[in-house]
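No value in this document is a laboratory result; all are computed from the given coordinates. The model shown is predicted, which means the values in this text are computed figures rather than measured ones. Cβ placement follows ideal geometry from the backbone for every residue including glycine, while neighbour counts extend to all protein chains displayed.
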Amino acid sequence: MEKYFENRRILVTGGCSGIGRGAVVELWRRGASVVALSNQTEALHKLKHEYPSVEIVSVDLRDWDETRKVVDALGVFSGLVNCAGFIHNQSFFDCLPNVFDETMQVNVKAILNITQVVAKKMVENKIKGSIVNISSQASMAALKDHISYCTSKGALDAMTRVMALELGPFNIRVNTINPTVVMTELGRRAWADPEKANAMLSKIPLGRFGEVEDVVNAIVFLLSDSASMIHGVHLPVDGGFLAT
């Protein structure tokens with residue numbers, strides 16, 4: 001599968017950091033024409049400096065109309081990875097409406113917006129596309145102080161199932177990947193406290209957190225024709241967390 005994605009255009013949101021950046025680089029390595037979308041302009045330009053053939057675009061996904069206009073102008077894609085996300089941990093009683101709204105806006109509403117635009121062009125151009133939404137184990141397990149995040153990822157899983165139902169007849173596959181804690185730069189900071197980390201690790205049968213490449217490998221698989229009969233699935237990349 002070295003150059004498997006040659007002549008394919010793939011859009012990756014949240015493409016300048018963490019899992020998104022890992023996906024951009026690996027898809028580029030495998031021959032894809034990749035567009036990285038983010039609101040982090042400086043990080044996008046750093047990515048562009050390292051990988052000049054990667055196209056970059058900056059937009060605030062919370063702005064429905066501007067995002068729609070920008071994505072529409074990018075043209076036609078055969079693959080989409082919705083990786084951009086937002087998290088602000090709060091307990092149930094401490095959850096503030098603005099935090100809840102922003103979490104849902106980025107983790108659910110923006111994915112609806114972008115996928116509508118991309119999938120419509122797939123249909124119009126009769127492209128057998130693949131869409132991968134990055135969800136979380138938090139969609140299926142209650143995590144303390146994650147009220148907004150868990151809710152948003154549960155909604156994303158439900159939305160993905162409806163997308164799969166309605167886009168399947170157009171030969172467009174839609175799936176989610178549901179990782180455990182992933183050791184991105186942010187993940188390493190968030191789980192640096194040994195007591196906190198060990199409490200989570202004790203629930204993961206494989207005894208380790210995920211690495212970026214663990215999720216990226218799953219993204220590459222689901223985008224490829226090797227997964228041509230995998231549709232409407234929520235794929236845990238969690239070391240067995242959800243099995244316990």
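Looking at ALA138, is it part of a helix (DSSP H, G or I) and either out of contact with any Asp or Glu (no Cβ under 9 Å at 6 or more places or on another chain) or loosely packed, with under 15 Cβ neighbours inside 10 Å (or both)? Full working, then the answer.
On the way: part of a helix (DSSP H, G or I): yes; either out of contact with any Asp or Glu (no Cβ under 9 Å at 6 or more places or on another chain) or loosely packed, with under 15 Cβ neighbours inside 10 Å (or both): yes.
Criteria met by ALA138.
Is it fair to say ASP101 is outside any strand (DSSP E or B) and either farther than 30 Å from ALA142 by Cβ or hydrophobic (A, V, I, L, M, F, W, C) (or both)? No, not satisfied. Scanning region 212-234 for residues that are of a type in the set (D, E, K, R) and over 15 Å from the mean Cα position of the chain (by Cα) yields one hit, ASP225. Going through (1) touching a Gly at 6+ places or on another chain (Cβ under 8 Å); (2) assigned to a helix (DSSP H, G or I); (3) surrounded by fewer than 17 Cβ atoms within 10 Å (Cβ to Cβ) one by one, GLY187 falls short only on (3). Restricted to region 22-39, and to residues that are touching a residue at least 40 places away in the same chain (Cβ under 8 Å) and buried (at least 23 other Cβ atoms within 10 Å of the Cβ), which residue is farthest from GLY75 (Cα to Cα)? Per the criteria, the residue is GLY22.
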